[in-house]
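Please read the structure below before turning to the comments.
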Amino acid sequence: MDRWILNLLKDTFGNKGGELYVEDLPATRLSSEYGTPLYVTSEARIRNNFRRLYSEFSKRTPFRLYYAVKSNSNLAILNILRSEGGWVDCSCPAEIYEASVAGFPAERMLYTGNYNSREELEFAIKSGVTINFDDGTLIDKLPSGSKPEMVCFRINPGMGKGGKEGLVFAGPDSKFGSPEKVALAGYRRAKEIGVKRFGIHMMTGSNVLDPRYFAQITELLMDIAGRISQELGIEYEFVNIGGGFGIPYRPDEVPLPIEEVASSVVEVFRRKLDEYRMGKPLLAAEPGRYLVGDSTVLLSRVCHVKQREKTFVGLDAGMSVLLRPALYGAYHPILVANKLEEQQEYPVNICGQICENTDILAKDRPLPKVKDGDLLAIFNAGAYGFSMSSQYNNRPRPAEVLVSGKGADLIRRREIISDLVAGEQVPPRLMNR
Ligand code: LLP
């Protein structure tokens, strides 16, 4: 088995007599108690991830860690991150609402939308959150007469990088952010309407495992920030370098050396603050995946094994539960939770029950011999797992459980069939005919 999975199995999950544990609880017990498919999250792993990232940056410079709510918006998880001292990045009014239900005050929220409607901007102004404008001209769409306390713009620094083609969020083909000129005009406009407090932001891509990238992109942002600051005579309260910190999914990938990332980013940050005399803003980042990605395993049962030229192992979780493989060809490590010690020698295609041929979670993946009822564990399902799930093919969404030591709590009940039709209405003229 590969090194980083072995470490994950040691740190967060466990292997006792060939059986997978999540912290101190056996996966088989969790699955029989709560059913499958089931998202199981380790609370300790989220706390450790937060502390590792936060301490590497904060020991070098005043630092603020936002959590990208979109990666996993479960209220229990938001509460964990709030208790660690996290702030939140919300992409829409619903995420602002969710974060406030989880106890985040508006002062700890950044709202990074894109192509916002006037109604969304009005909601944000009323909520009192800091708006991070994706386009320099959006400031003119604020409700008339409103003057935000603080204004931030999302910069497109001209290049981006992501673990997959679809995960690059900056550069000429990106729909996100503002180039320097457009942002400059936006800050100027904000100054004209009397705004006095400013931040600056970028988010250039997701799941980046190249440690050198973060300092490179920070250098681009700092040059842009510096020129705008000198031109307009403004000071920033924070410089947010976005998220994008990758985690290993494939066997040959290695974890991001976060100490190296933090020290190289902070070196550039400090140097550029001096060069442009930008005062003493906070450094900020807003990861999703790095904080929650490897905290969660998706447990799913084998429903049927089909022997053809290839062997298809059919699970009760497919693309409606975990979309990443079908959408991005993403790789997730998969182990048989009740057969961890058995040789992984039979290559199989692992699929779900959805009526799409892209409903494949893994191709030609070596597993021990499996049979109906075996429990599969799909790792790294904590970020963009439940949050991208759907009810496609009329599959109710799964339950979520949070494990802390020997304790487990249901943090989202399994949907039932009546949930599928809960919002629907049939006009009376169509009934009983
Ligand atoms: N900030 C903003 C403005 C974002 O749009 C995102 C992610 C993040 C922060 C957090 O990025 P992270 O640290 O998690 O890379 N569905 C894809 C990922 C899409 C990310 C969207 N934005 C996936 O399954 O990999």
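Observations on the model:
- Pairs where the first residue, in the stretch 405-433, is closer than 21 Å to residue 390 by Cβ and the second is modelled with pLDDT of 95 or more and open to solvent by 100 Å² or more (accessible area, probe 1.4 Å), C-beta under 6 Å, 6+ apart: 420/394
- Residues within the stretch 394-410 that are surrounded by 19 or more Cβ atoms within 10 Å (Cβ to Cβ) and closer than 18 Å to residue 24 by Cβ, tallied: 4
- Residue match in the stretch 317-327 (condition: in a strand (DSSP E or B), buried (at least 24 other Cβ atoms within 10 Å of the Cβ) and not assigned by TED's automatic domain parsing to the domain that holds residue 201): no
- Of the strands (runs of 3 or more DSSP E) lying entirely inside the stretch 328-417, those containing at least 1 residues that are at pLDDT 95 or above, closer than 26 Å to residue 251 by Cβ and of a type in the set (Val, Ile, Thr) are 334-336, 346-351, 360-367, 375-378, 399-404.
- In the stretch 294-315, residue farthest from residue 14 (Cα to Cα) [restricted to those that are touching a strand residue (DSSP E or B) at 6+ places or on another chain (Cβ under 7 Å) and crowded, with 24+ Cβ neighbours inside 10 Å]: 313
- Residue check for residue 192: without any contact (Cβ under 8 Å) to a residue 24 or more places away in the chain and of a type outside the set (Val, Ile, Thr): yes
- Residue in the stretch 267-285 that is in contact with a strand residue (DSSP E or B) (Cβ under 8 Å, 6 or more places away or on another chain), open to solvent by less than 10 Å² (accessible area, probe 1.4 Å), at pLDDT 95 or above and in a helix (DSSP H, G or I) present: yes
- Within the set 367, 291, the sole residue that is within 16 Å of the ligand (Cβ to nearest atom), in contact with a Phe, Trp or Tyr (Cβ under 8 Å, 6 or more places away or on another chain) and open to solvent by less than 10 Å² (accessible area, probe 1.4 Å) turns out to be 291.
- Residues in the stretch 254-266 that are open to solvent by 10 Å² or more (accessible area, probe 1.4 Å) and farther than 22 Å from residue 7 by Cα: 263, 264.
- Selection status of residue 212, surrounded by 15 or more Cβ atoms within 10 Å (Cβ to Cβ), modelled with pLDDT of 95 or more and of a type in the set (D, E, K, R): no
- Selected residue (only one of 175, 161, 191 is over 20 Å from the mean Cα position of the chain (by Cα), open to solvent by 70 Å² or more (accessible area, probe 1.4 Å) and either within 16 Å of the ligand (Cβ to nearest atom) or in the same structural domain as residue 272 (by TED's automatic domain parsing) (or both)): 191
- Restricting attention to the stretch 9-37, the residues that are out of contact with any Lys or Arg (no Cβ under 7 Å at 6 or more places or on another chain), open to solvent by 10 Å² or more (accessible area, probe 1.4 Å) and of a type outside the set (Val, Ile, Thr) total 16.
- Residue, farthest from residue 51 (Cα to Cα), within the stretch 272-290, restricted to residues that are in contact with an Asp or Glu (Cβ under 9 Å, 6 or more places away or on another chain) and aliphatic (A, V, I, L, M): 278
The values are calculated or read from the model by the stated rules, or taken from the named source; none is laboratory data. On a predicted model such as this, the values are computed, not experimentally measured, just so you know. Don't worry about glycine lacking a Cβ; one is built from the backbone with ideal geometry, like all the others, and counts go over all protein chains shown. Side chains included, ligands, DNA and RNA excluded: accessible areas come from the protein's heavy atoms. Shrake-Rupley method; radii C 1.70, N 1.55, O 1.52, S 1.80 Å.
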